[in-house]
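> A single structure is presented below for examination.
The values are calculated or read from the model by the stated rules, or taken from the named source; none is laboratory data. Just so you know, these numbers come straight off a predicted model, no measurement behind them. Using ideal geometry, Cβ is built from the backbone for each residue, glycine included, and neighbour counts are taken over all protein chains shown. Accessible surface is based on the protein model in full, side chains and every heavy atom, while ligands, DNA and RNA are left aside. Shrake-Rupley method; radii C 1.70, N 1.55, O 1.52, S 1.80 Å.
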Amino acid sequence: MTLTQAEQSPFRIPADSPDWWRQAVVYQIYPRSFADANGDGIGDLAGIISRIDYLKELGVDAVWLSPFYPSELADGGYDVADYRNVDPRIGTLDEFDEMSTKLHEAGIRLIVDIVPNHSSDQHPWFKEALASEKGSPARDRYIFRDGLGEHGEIPPADWKGSFGGAAWTRVPDGQWYLHSFAIEQPDWNWSNPEIHADFLKTLRFWADRGVDGFRIDVANSLAKDLPEVLPSAAELAAMPIDGTHPTIDRDEVQDIYAEWREVFNEYDPPRTAVAEAWLDDPARRARYARPESLGQAFNFDLLTADFDAAQFRRVVSTNLEQQELSGSSSTWVLSNHDVTRHATRYGLAPLNGRKVKQGAEWMLAGAPADQLDRDLGVRRARAATLFVLALPGSAYLYQGEELGLHEVTEIGDDQRQDPAFFHGGRQDYDGLGRDGCRVPIPWTSEGPSFGFGAAGAHLPQPAWFAADSVAAEEADPDSTLSMYRKALAVRADLVTGDGQAAESLEWDDALSQGDVLAFRRPGGWLCLTNFGAEAVALPTGELLVASGHLAADEDGQQLLPGATTAWLRQD
Ligand code: NOJ
Ligand code: CA
């Protein structure tokens, strides 16, 4: 028998499909915390290579690597000192190529993170800017201003950085530079054509090496229009985000992405991109997802939703409408490296519309750690994941969620790394920071760092990791890992393989009553989630996968317990 090209390809969706991303399951790797091959306590590319079989068995379509570039790690690598290289602590460009080749051989595509809003203060161009005069071309690559007051000793504005602390910092000759995040992350000046040219070079550099797509950090803030007299922080915060705000989501940011799109389309298949744009207005976010822009945008709406049927339905409906606006497919995110893991969120008091906290402070403030219901959190997390994996669009998973990991809170102040903790501190920033979801993941139940590497881990791992390790969960058919593997295999079968799958769902209003949400996908696929506490009757059908054990009443009627999702096939 001769195999067709599609059958020979290791990719579930053919290698030359320009639409592979539309229904993809993308697994986020935080490289320093995934696997440490050389035993120095820091995860590395060789570690990722050694775990490709694991990723293949999990059944993901792509991996997204958080930054692995040379960095002083002032912000976990989101302070990039060289955009076209690999941090020597993580590996080499040769290892990058090996990783890319081996991922592709395993049928897994590769997405890398691009950080265009700011560089590291160790970037040669920032060093050059500091060594150059006021008003020089080198300074013009960043955003420098004179200060106010008789001697320029007052910052040009009282703005705060995202991690707390001032957003303007003074340099030795008296000028001030803007950093929207940490002091070590000076913002690029996107009014300068040199910055445009340099990022096009970076995109081509990685695309030429076979990278399939890009995740764009802080995609909404590159374009800035700063008047001579800057508004105060309060005035800035009161300005509408409608395309005219001085720093957020300006209309002309789209011109940058139109340039990038031309580069993406130089490749066959075109390279893809996904915007990180925390914007409240779904219609504004949709602009980034248009085919002439980045093509896709993260939907973070589930990060602020409680485990609640009405909230989940609202989020899904809004995002499916938004999909119509952009022409892109929806994206779904329950966890990433910036937010409290969803197992922990769902085991605490409801958010009730509050913004999700990027850390675990709400355990200390609103809901103390002893109020965390660990089991309920995991049951709900599994149910939510199974719900999301049944939705049309692409799902972004964060390393360790497939083990049902909770946020780690057992990290001493002196062991923390996140600038959100250090620069802002508890009084300025609303959390302990994000280290609790960045602890190296447990591969085995024993060993110096639970199989992460031969030595310790760069953030402390708690004793309870032993029960949640890959080895422990692989041996247990009821584990969270086993559920993810099964769900991804079923999903792969049910979503048609050309990347052009039906991008709609049909709510089943008869079944969607009270705490229950039910929707149908093509092929007789029914997803039913019980967000409440009381069991409900399960309709008949072939059970494809469930997030927990089902029950039965005295008459033998199958029941779907609370905090559980089931996928059925009905003809
Ligand atoms: C968003 C990234 O996800 C986060 O980790 C980082 O701190 C900020 N952007 C700044 O780059
Ligand atoms: Ca290492």
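> How about segment 39-53: which of its residues are free of Cβ contacts under 8 Å to residues at least 60 places away in the same chain and within 8 Å of ligand 2 (Cβ to nearest atom)?
Of everything in segment 39-53, those that are free of Cβ contacts under 8 Å to residues at least 60 places away in the same chain and within 8 Å of ligand 2 (Cβ to nearest atom) turn out to be 44, 46.
> Select from segment 212-239 the residues that are without any contact (Cβ under 8 Å) to a residue 12 or more places away in the chain and of a type in the set (D, E, K, R) and write down the one among them that is nearest to ligand 2 (Cβ to nearest atom).
Looking at residues that are without any contact (Cβ under 8 Å) to a residue 12 or more places away in the chain and of a type in the set (D, E, K, R), I get 235.
> Oh, and also: Given (1) of a type in the set (A, V, I, L, M, F, W, C); (2) open to solvent by less than 20 Å² (accessible area, probe 1.4 Å); (3) in contact with a helix residue (DSSP H, G or I) (Cβ under 9 Å, 6 or more places away or on another chain); (4) more than 19 Å from residue 403 (Cβ to Cβ), identify the lone condition not met by residue 333.
(4)
> Give the number of residues within segment 492-529 that are open to solvent by less than 30 Å² (accessible area, probe 1.4 Å) and modelled with pLDDT of 95 or more.
10
> In segment 539-561, which residues are touching a residue at least 60 places away in the same chain (Cβ under 8 Å) and in a loop (DSSP other than H, G, I, E, B)?
Selection gives 547, 548, 549.
> Next up: Restrict the check to segment 56-73 and report whether at least one residue is under 19 Å from residue 187 (Cβ atoms) and more than 16 Å from ligand 2 (Cβ to nearest atom).
Yes; the residues of segment 56-73 include at least one that is under 19 Å from residue 187 (Cβ atoms) and more than 16 Å from ligand 2 (Cβ to nearest atom).
> Determine the pairs where a residue that is over 16 Å from residue 326 (Cα atoms) and away from ligand 2 (no atom under 16 Å from the Cβ), located within segment 267-281, has a partner that is of a type in the set (Val, Ile, Thr) and at pLDDT below 95 with Cβ atoms under 9 Å apart, the partner being 6 or more residues away or on another chain.
Close Cβ pairs (under 9 Å, with a partner that is of a type in the set (Val, Ile, Thr) and at pLDDT below 95) do not exist here.
> If we keep just the residues of segment 167-183 that are under 26 Å from the mean Cα position of the chain (by Cα) and open to solvent by 20 Å² or more (accessible area, probe 1.4 Å), which is farthest from ligand 2 (Cβ to nearest atom)?
In this case the residue turns out to be 180.
> Given the criterion away from ligand 1 (no atom under 16 Å from the Cβ), open to solvent by 20 Å² or more (accessible area, probe 1.4 Å) and in the same structural domain as residue 77 (by TED's automatic domain parsing), identify the matching residue among 145, 89, 109. Outline the logic, then answer.
Details: 145 fails: in the same structural domain as residue 77 (by TED's automatic domain parsing); 109 fails: open to solvent by 20 Å² or more (accessible area, probe 1.4 Å).
Of 145, 89, 109, the one residue that is away from ligand 1 (no atom under 16 Å from the Cβ), open to solvent by 20 Å² or more (accessible area, probe 1.4 Å) and in the same structural domain as residue 77 (by TED's automatic domain parsing) is 89.
> Anything in segment 184-209 that is buried (at least 17 other Cβ atoms within 10 Å of the Cβ) and aromatic (Phe, Trp, Tyr)? List them, or say none.
Selection gives 188, 190, 199, 206.
> Any chance you could count how many residues in segment 15-43 are open to solvent by 30 Å² or more (accessible area, probe 1.4 Å) and touching a Phe, Trp or Tyr at 6+ places or on another chain (Cβ under 8 Å)?
Total satisfying the criteria: 0.
> Does residue 46 qualify as being open to solvent by 10 Å² or more (accessible area, probe 1.4 Å) and within 16 Å of ligand 1 (Cβ to nearest atom)?
no
> Still on this structure, please answer the following. Would you check if there is a residue in segment 135-142 being of a type in the set (Asp, Glu), crowded, with 19+ Cβ neighbours inside 10 Å and away from ligand 1 (no atom under 15 Å from the Cβ)? If you could, list the steps in order and put the result at the bottom.
Going residue by residue through segment 135-142, those that are of a type in the set (Asp, Glu) are 140.
Within this subset, residues satisfying the condition of being crowded, with 19+ Cβ neighbours inside 10 Å are none.
So far as segment 135-142 goes, no, none of its residues is of a type in the set (Asp, Glu), crowded, with 19+ Cβ neighbours inside 10 Å and away from ligand 1 (no atom under 15 Å from the Cβ).
> Then there is this: Condition (residue is of a type in the set (Ser, Thr, Tyr), more than 16 Å from ligand 1 (Cβ to nearest atom), part of a helix (DSSP H, G or I) and open to solvent by less than 10 Å² (accessible area, probe 1.4 Å)) applied to segment 393-405: is it met by at least one residue?
no
> Filter segment 155-166 for residues that are at negative phi and part of a loop (DSSP other than H, G, I, E, B) and give the result.
Selection gives 155, 156, 157, 158, 159, 161, 162, 163.
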